[in-house]
Amino acid sequence: MSGPPTLLLVGAGHTHLHLLRHADRLRAAGWAVELLAPRWFDYSGVGSAVATGALPLAAGRLDVAGLAARSGVRHHEDVLADLDPVARVATTASGRRLSYAVASLGIGSVTSDLGVPVGPDVVTVKPLAGLQSLAQRLAPDGAAVVTVVGAGPSGLEVAAQLAVRPGVARVRLVDGGHEIGTSLPAGARRYVERVLAGRGVEVLTGRGVARIGAGSVVLDDGAVLEHDLAVLAGGLAAPPLLAATGLGDAAGAPVRATLQHVEHDDLYAVGDCAHFTPAPLPRIGVHGVRQAPVLLAALEARGRGEDAGAHVYEPRRHFLSVVDLGGGVGVASRGRWWWGGRAALLLKRRIDRLWIESYRAAGG
Ligand SMILES: Cc1cc2nc3c(=O)[nH]c(=O)nc-3n(C[C@H](O)[C@H](O)[C@H](O)COP(=O)(O)OP(=O)(O)OC[C@H]3O[C@@H](n4cnc5c(N)ncnc54)[C@H](O)[C@@H]3O)c2cc1C
């Protein structure tokens, strides 16, 4: 007699962590739940603070293996290398073949290379393991010159925090657009500009980059800016694996409002790796978090043989976001509302700590 159908969760990001915590509900609905993911999850909410040494690594790290074990989920500690959505087989980097009835992809994102050559020694903001290498590469008693490319939220966080980090003599922030922090309301942008100016960060806007290397960045007007270290924060893009496997493209794996792949009912995609076709979504953790209860309810309904079509993701237009500027201050915004200073960062720390602690309590 065959056992219950296998639900394979690929990646343990914001959405799947929630499903792991509620694996008992999925089992009760008839699924055998399996997870294909690395051992650790690093939380990006504290990613720049960990990388610049303001917080310890443990502040944002969850033990995925511990959470899976406590939840009774079979964990394949590996990464996805290929997936055949017709045969319903996932192949791992070490060559294991995992059959499934339904799979969900939550494999996050990578840093966009902005379409220019990027040297191997350049630090990228994603994956977070790369960003964490900043801590080893900047000696506290040094006098490093750092170029940060990209002035979105993660580039602003890294530039502002490095400017108050021991061992960094000078920070330069380069962006091809005419303003920094374009996703922030105007007042918040001005606040960040004042913080950066007060810390001596050199901001170069309207200057596209043509090449980013270990020792210098070349701008598209031919100017060469030398540095000891470059950090690329050029925005987040879908993992190249999706295009390589034919499951998606640079925008991600295309999904419907039900989070099902547009071509494969048995394949879901969530968070940064998904291209939500009803409306373009920014790559922020909040969507992965809010998609979690929708996916859980859909899979429970499916497991019980019910119609899951009513479980659709309806993104909210506005959400709270807090940029951690280091030095004890942050800038919070929601729609056109914003608020900068110590209280904004304290609020962020509290939200992040509660989120992490909720998973620690579940074995993570
Ligand atoms: C410095 C920085 C700060 C940020 N701060 C914020 C913030 O404050 N608020 C906010 O909302 N957003 C923030 N973001 C954006 C946020 O990181 C992403 O939107 C969020 O991580 C997406 O969640 P996810 O679950 O889709 O992916 P992830 O959180 O990246 O999780 C995906 C998981 O999949 C695993 N994985 C990857 N590839 C594979 C594979 N092939 N097989 C199996 N597993 C795999 C990874 O190890 C990872 O644990 C920040 C980003 C950066 C870079």
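The values are calculated or read from the model by the stated rules, or taken from the named source; none is laboratory data. Model, not experiment: these values are computed from the prediction. Positions of Cβ are generated from backbone atoms using ideal geometry, with glycine treated the same way; all protein chains shown enter the neighbour counts. Areas reflect the complete protein model, heavy atoms only, side chains present, ligands, DNA and RNA absent. Shrake-Rupley method; radii C 1.70, N 1.55, O 1.52, S 1.80 Å.
Here are a few things to note about the model shown:
- Some residue of the stretch 238-254 being over 24 Å from the mean Cα position of the chain (by Cα) and either in contact (Cβ under 8 Å) with a residue 12 or more places away in the chain or open to solvent by less than 30 Å² (accessible area, probe 1.4 Å) (or both): no
- For the residues Val323, Val329, Val312, Val289, the requirement of being surrounded by fewer than 23 Cβ atoms within 10 Å (Cβ to Cβ), within 9 Å of the ligand (Cβ to nearest atom) and either among the β-branched types (Val, Ile, Thr) or modelled with pLDDT under 95 (or both) singles out Val289.
- From the options Leu17, Leu83, Leu26, Leu55, residue that is assigned to a strand (DSSP E or B) and not hydroxyl-bearing (Ser, Thr, Tyr): Leu83
- Any hit, the stretch 61-75, residues being within 20 Å of the chain's Cα centre (by Cα) and on the phi > 0 side of the Ramachandran plot: no
- Selection from the stretch 51-91 of residues that are among the hydrophobic types (A, V, I, L, M, F, W, C), modelled with pLDDT of 95 or more and open to solvent by less than 30 Å² (accessible area, probe 1.4 Å): Leu62, Val64, Ala65, Leu67, Ala68, Val73, Leu80, Leu83, Val89, Ala90
- Residues located in the stretch 292-308, provided they are open to solvent by less than 40 Å² (accessible area, probe 1.4 Å) and away from the ligand (no atom under 16 Å from the Cβ): Ala297, Ala298, Leu299, Glu300, Ala301, Gly303, Ala308
- The residues of the stretch 124-143 that are assigned to a loop (DSSP other than H, G, I, E, B), open to solvent by 30 Å² or more (accessible area, probe 1.4 Å) and within 24 Å of Leu184 (Cα to Cα), listed by number, are Lys126, Pro127.
- Unmet criterion (only one of (1) over 26 Å from Val209 (Cα atoms); (2) surrounded by fewer than 18 Cβ atoms within 10 Å (Cβ to Cβ)) for Asp121: (1)
- Residue among Arg317, Arg283, Arg336 that alone is open to solvent by 50 Å² or more (accessible area, probe 1.4 Å) and within 12 Å of the ligand (Cβ to nearest atom): Arg283
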